[in-house]
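Since the structure comes first, as C-alpha cells, the remarks are kept for the end.
The values are calculated or read from the model by the stated rules, or taken from the named source; none is laboratory data. Everything numeric here is computed off the predicted structure, so don't read it as measured data. Cβ: placed from backbone, ideal geometry, glycine included. Neighbour counts: every protein chain shown.
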C-alpha cells in the first residue's frame, strides 16, 4: 500500500485552518499536519477591540474551532510548533517544538504557507518599553486586556489612525479612558478620500478622542515603563501606548527558502495560490493578489480574503483546480456611531492608476425620509469618465452603509458601469430605503455629471 500524500500547513489562524480543513474534506486520504507557533488556532482577531471593550466577555468566545475539533476530523494539529526553515530542495521543514525545547525535521509532499502578517514596529527608541502594545493576535488582546484590568491607565496614546486604531479608540473611550490618536498623514483612514475622512474625524472628536494629524511618531520615553510619547510636534503623557501603524507580510521564511516575493514583499502567487516553487502554495495575509480594478498585483490583507484564499489553496492541494481571481479592497469599520465602508479605488487612487476620474458624493437618508429612524447617509461613487465604469465607492452613516457596500463591491467586480448600476432591480420598502436607494441616487448623480 502506497504511503499517504502529506500536506503540511504553516500557520493556523485564518488561511491555514481553511486550507487544512478544505484539503482534508476534499481528499480524506490526505495526511494533513497543521503547525502553529502560538497556543491558539482559528480565532477571530477582528473581534479583539470588542473583547477589550467588554462587549465580548471572554477571549474563548473568539475561537472558531479548537485543535481537538480539527483532530476529530483527521487533521494533526501541532500548537507551539515554530517553523524555523523551509528546505524546498529536500521538501522538509525544520520545526521547533516550543513546549519541549527540541527541533525535528518534517518532510512534506505539499506545503501551504499561511504565516500571515505582523504589526509594523518603526525603528524608534522606547517602543520596547512596558506599556507599549500591538494588537494582532489573541495573545496580544489578552495581554492588553490584563494590563487595563491590573492598572487602568491615566492616558492612552494610539499611534495610527486606520481601522484598528479607530476601533480601539472607541474601545478605550467606552472604558472612559482619555485617548489621543497620533497620525503622520493629513487624514484618518487613508484608504478614504479626504472629504469622507473628514466625517470620520468629526465623529472621533465628537466622542472625546483627541486627534493629531500630520504628526509622526519620534519615539517613547519612560523609566521602567512608558510615560511619554514624543512626536514631531508634541510631547504627550501616556502610560499605555498602542502601535497601530499597519502590518507587513510575514515572509522571512519564504524569502529565505527562495520563494519569489511580489507586491510589498508579500509572497507572489498565481490564481491557484501557487508560489514560484512547485508544490508550495501560499494564502492569506502573507501573499499578494490581483486588484480587480487596476489588474495589478497589490497587498491588501483582510481576514475575509484570507479565509477564501485558504479554501482555494486547500482545494488545489487536493487536485480540484479552483481559482482565486483577486479582490476589490472592500472593507468596513464601526467608528463610534458610524458605519464606514469602502470598496474599489478612492478618487486619488484611481487618478494615480491613470483613469479619467470623476467622483461625486451625495447626502441622503438611510430609509424613506418620512420613516422613523431615518439617518444621514453619505454616498460617494468614483467612475471612469471614458468607459463610465464604476471604480470605487465610499459610504458613511449611522446605518445603511455596512451592507450596501457589498452591492457596490459586486458591481465593481462585475465591471459594471454607473448606468448598469442604475438599472439594477433593488428591493424597496420604507423601513429600509427610499424608492430610489441611496446608491442608485448616487449613480444617477455621478453619471449625470461625468
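Out of the residues in segment 262-295 meeting the condition of being in contact with a helix residue (DSSP H, G or I) (Cβ under 8 Å, 6 or more places away or on another chain) and more than 18 Å from residue 310 (Cβ to Cβ), tell me which one is surrounded by the fewest Cβ atoms within 10 Å (Cβ to Cβ).
265
Suppose the filter is in a loop (DSSP other than H, G, I, E, B) and either surrounded by 21 or more Cβ atoms within 10 Å (Cβ to Cβ) or in contact (Cβ under 8 Å) with a residue 24 or more places away in the chain (or both); does residue 129 pass it?
yes
Could you list, in sequence order, all residues of segment 1-30 that are closer than 18 Å to residue 321 by Cβ and surrounded by 24 or more Cβ atoms within 10 Å (Cβ to Cβ)?
7, 18, 19, 23
Within segment 54-63, track down each residue that is in contact (Cβ under 8 Å) with a residue 12 or more places away in the chain and surrounded by 14 or more Cβ atoms within 10 Å (Cβ to Cβ).
59, 62, 63
Restrict the check to segment 50-72 and report whether at least one residue is at pLDDT 95 or above and closer than 22 Å to residue 277 by Cβ.
No, segment 50-72 has no match at all.
In segment 229-261, how many residues are surrounded by fewer than 18 Cβ atoms within 10 Å (Cβ to Cβ) and under 15 Å from residue 85 (Cβ atoms)?
Qualifying residue count, segment 229-261: 4.
Considering each residue of segment 211-228, count those that are surrounded by fewer than 17 Cβ atoms within 10 Å (Cβ to Cβ) and touching a helix residue (DSSP H, G or I) at 6+ places or on another chain (Cβ under 9 Å), and give that number.
Residues meeting the conditions: 1.
If you scan segment 184-203, which residues turn out to be over 23 Å from residue 383 (Cβ atoms) and out of contact with any helix residue (DSSP H, G or I) (no Cβ under 8 Å at 6 or more places or on another chain)?
184, 185, 201, 202, 203
Which pairs do you get when a residue that is outside the structural domain of residue 16 (by TED's automatic domain parsing), found in segment 95-113, comes within reach of a residue that is modelled with pLDDT of 95 or more and part of a strand (DSSP E or B), reach meaning Cβ atoms under 8 angstrom, with the pair 6+ apart or on two chains?
Cβ pairs passing all conditions: none.
Given (1) part of a loop (DSSP other than H, G, I, E, B); (2) farther than 18 Å from residue 228 by Cα, identify the lone condition not met by residue 167.
Here residue 167 meets the rest and fails (1).
Does residue 137 count as surrounded by 13 or more Cβ atoms within 10 Å (Cβ to Cβ), within 30 Å of residue 220 (Cβ to Cβ) and in the same structural domain as residue 182 (by TED's automatic domain parsing)?
yes
Among the residues of segment 371-393, are any under 19 Å from the mean Cα position of the chain (by Cα) and at pLDDT 95 or above?
yes
Suppose we keep only residues that are in contact with a helix residue (DSSP H, G or I) (Cβ under 9 Å, 6 or more places away or on another chain) and within 21 Å of residue 218 (Cα to Cα) within segment 140-159. Which one would you say is surrounded by the most Cβ atoms within 10 Å (Cβ to Cβ)?
Step by step, filter segment 140-159, then rank; the result is 158.
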